[in-house]
Each structure stands twice: as C-alpha cells, then as structure tokens.
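The values are calculated or read from the model by the stated rules, or taken from the named source; none is laboratory data. Treat the numbers as computed from the prediction; the structure is a model and nothing was measured. Positions of Cβ are backbone-derived with ideal geometry, glycine not excepted, and every protein chain shown enters the neighbour counts. Surface areas here come from the heavy atoms of the whole protein model, side chains and all, with no ligands, DNA or RNA. Shrake-Rupley method; radii C 1.70, N 1.55, O 1.52, S 1.80 Å.
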Amino acid sequence: MADSGQRRAAVDSVLRARDIDRAQVSTVLDAAYAEGQLGAQEYHDRVASASSARTVGELARLTADLQSPAVFGDAAPTGRPRRRAPDEYPARTRARSTDRTTTVAALDTAHADGQLDSDEHAAMVELAAEARTLGDLSTLVAELQQRPAAPTKPRARRDRTRSAVIALAAATAVAGFVWTVRDDAPAPAAAVTVAVDYDAAPPLVIPTPMLNTLAGFVQFRDDYRTIFGDTVVDEAVLHDEHASAVRRVPGNAKSTVDYTYRGGFARSSSQINTRRRDAVDIDLAQVNVEALGAAFATAAATVRVPNGAVTHYRIANDSWAGRPGITIFVRNEAAQSGHFVLALSGDVLKTYPYEG
C-alpha cells in the first residue's frame, strides 16, 4: 500500500495543473491565513506561487504542512499512467489522422482549462500534426490530467455458424475419402518439388545519394519541403549518411524543434527549445546549387588539404559574416583539415585553410 501511495504521489507531481486546481489551493491558503497558520508575507508568497504553478505536485507542496482539508482528495486526477493493455498497439505503431485529431482535441481541452499556456499549446499542436507514431502522440499528452484513450486492436469475431459448416464439410470429405479408398488402389503420385533460384533475379536497389554531396543536399531540401510545406530552417547540418535540422515552431518566434534525417524526418525528442537569439529564418531554396556543387568539387584545393574530402557542412546564420552562410568542412585520412564559408549565393566569405 505504501508503494502504491508513493507511485501515486510521483504521478501527481508531474501532472499539469488546471485553473480550478490553482483556485482550490488559493482557497485553502486563504483559510489557513485566516486561521493564523500563515503569516502575511508567507501567505502572499504562497498565493503567488499557486497562481504560477505548472504541476499538481507544485500545488500540493504549498498546502502539505497545513491543517486545512486536502485539496487533492476526491478531485485528484484519475487518468494515471498504466501498463499497456494486451489489446493496445505498441508505441512504435504508426499514427492515423484520427489519432492526431484526438490528441489535438485533448491539447485544446488542456489549453482551455489552464494546463497549457498559448505558446505550449501552439507548439504541441504543431508536433501532433507531424507525429508519426502513437508513442509520439502519447508523449505530448503524458502530463495532462485528461488523456485520450489509447487506440486498441480490433477483436476478431468468431462466426459459429460458419465454423460449424466448415467442420461438417471437413467431416463429410473425410468420410467420403475413407469410403472410396480400397486396399488395391494405386499409390498417389509423388509430389514434384520445383527448386526456385532466388538469386536468378537481381535485387532491386534504390540509390540514396550521400548527403555531403550536391545530390544529397537536393534530396534533403526536397524531402524537407514535402514534409513541412516550406524550406525554411534555423540551422541544418548534413553529414554523409545523416543530417539534423532546427525548425522554428510556426506562430512562435521564440521556440524551435529539433529533427534528425536519415532518408526521412523524425523529431530528436519531444522537447521544445528556446530559439537562439542570433537565429534567423534561412530558406534552403535560396541556396545556389550550382555554386554549391562547384564548392564541393574544389573544397580540398580551397582549404589546401591534400586528398581531402567534404565530411559535413552546416547551414546557419554566420555571426562573423552577419548573414546566413554555408560552412564546409574538409578532412583527409591524415587528420589534416580546414573549412570555409560560403554565402547562400555561392560567394566565398571566409577561408580557414590547413596550415601544415
């Protein structure tokens, strides 16, 4: 029982507080002040803390040492984390449009009753629209007091009439076979096994360009446009087989979301980050692809790295140049390296050659 109580307290500590929860705590604090349990300054401090509390746990701590009635008794949230039921889908299962719609509705409710502020609501709705799995959606509502029910697998319905007909037909067929087979009947012909050469047909290989090439950049840019509807980033870093991107949350100039790319985009985490002060909107469509391709081809010579190759490049606002730039990094097997910065137009802004 003690373990159960501890688990319940741990869950309550992270659940989002509603406006009504904050009001209930303020009422208890008012009564405690009137009864002399709290001094004036402590009372005002606790009321201020209650009005800005984000979770049920923060509110509970404000009244834990008071004799007033418990705020989180019968009114405590009932929707608690539990083990996945056998008929529920795993977290990696792809989400449907209806699943995203249900999640957004839960976020709207949480915003309406004060669990989420406007910025959090806008950011989480954006993430819900882009969620690929049920686990992604579950993360967004994990701290809400009213969470939507998880989708369950449809139960197979057994048709007893159909089963009975099949059983009867099978019994009839067996009986007929026993009746017609005689001891002197010829043995059935042996089954002929045909060997299949699975190596006869060549495998289908879909070529994927390395991302640290011009073809790789074009694919990354086009896939980004397909997923997000535009080509605007705060930052993008492309290596040979993977990339990352930082995207501003639509309608929120102060928050960003991180994505990884390996042939498809996925969120690095459910966390929403504060946007960097020097970040600006960078449109990948403004990159001069012909100039970028030429820069890749001559990168080793540009930074004087013998037999060097482009390892990765970063597209971001360049604080030294005061505008967006593409920093291309070159390295060889002897660990000799250098890098240089291009403008989106393709002009070389700064070169940091190998000083060997």
Q: Could you please give the count of residues in region 206-230 that are assigned to a loop (DSSP other than H, G, I, E, B) and open to solvent by less than 60 Å² (accessible area, probe 1.4 Å)?
A: 5
Q) Can you tell me which residues in region 344-356 are on the phi < 0 side of the Ramachandran plot and touching an Asp or Glu at 6+ places or on another chain (Cβ under 9 Å)? A) L344, L349, K350
Q: Hey, could you check region 109-133 for residues that are β-branched (V, I, T) and closer than 22 Å to T55 by Cα and say which is most open to solvent (accessible area, probe 1.4 Å)?
A: T109
Q: Return yes or no: is R147 over 25 Å from I227 (Cβ atoms), open to solvent by 60 Å² or more (accessible area, probe 1.4 Å), out of contact with any strand residue (DSSP E or B) (no Cβ under 7 Å at 6 or more places or on another chain) and in contact (Cβ under 8 Å) with a residue 12 or more places away in the chain?
A: yes
Q) How do the pairs read when you match residues in region 297-315 that are under 14 Å from T327 (Cα atoms) and free of Cβ contacts under 8 Å to residues at least 40 places away in the same chain with residues anywhere that are open to solvent by less than 70 Å² (accessible area, probe 1.4 Å) and part of a strand (DSSP E or B), using Cβ under 6 Å and keeping only pairs 6 or more apart or on different chains? A) A300/V330
Q: Can you give me the ranges of the strands (runs of 3 or more DSSP E) entirely in region 239-338 with at least 3 residues that are small (G, A, S) and within 29 Å of T133 (Cβ to Cβ)?
A: 243-248
Q | In region 247-272, the residues that are free of Cβ contacts under 8 Å to residues at least 24 places away in the same chain, in contact with a strand residue (DSSP E or B) (Cβ under 9 Å, 6 or more places away or on another chain) and open to solvent by 30 Å² or more (accessible area, probe 1.4 Å) | A | D258, T260, R262, S269, Q271
Q.
Being farther than 17 Å from D113 by Cα, modelled with pLDDT under 85 and not in a helix (DSSP H, G or I): is that true of G5 here?
A. no
Q. Restricting attention to region 288-304, does a residue exist that is more than 28 Å from T208 (Cα to Cα) and surrounded by fewer than 16 Cβ atoms within 10 Å (Cβ to Cβ)?
A. yes
(Q) Conditions first: (1) closer than 19 Å to G346 by Cβ; (2) hydroxyl-bearing (S, T, Y); (3) under 34 Å from the mean Cα position of the chain (by Cα). T302 passes all but one, so which condition is the exception? (A) (3)
Q. Among S319, S337, which is the only one that is open to solvent by 30 Å² or more (accessible area, probe 1.4 Å), under 18 Å from N212 (Cα atoms) and touching a residue at least 12 places away in the same chain (Cβ under 8 Å)?
A. S337
Q.
Take V233 and tell me if it is open to solvent by less than 50 Å² (accessible area, probe 1.4 Å), among the hydrophobic types (A, V, I, L, M, F, W, C) and more than 14 Å from D283 (Cβ to Cβ).
A. no
Q: Only one of these is open to solvent by less than 30 Å² (accessible area, probe 1.4 Å), at pLDDT below 85 and among the small types (G, A, S): A95, A70, A34, A50. Name it.
A: A95
**Q.** Number of the exception - L62 against (1) modelled with pLDDT of 85 or more; (2) open to solvent by less than 20 Å² (accessible area, probe 1.4 Å)
**A.** (2)
Q: Determine if region 105-121 includes at least one residue that is modelled with pLDDT under 80, touching a strand residue (DSSP E or B) at 6+ places or on another chain (Cβ under 6 Å) and not aliphatic (A, V, I, L, M).
A: no
Q: Consider V310 carefully, then state whether it is open to solvent by less than 30 Å² (accessible area, probe 1.4 Å) and among the β-branched types (V, I, T).
A: yes
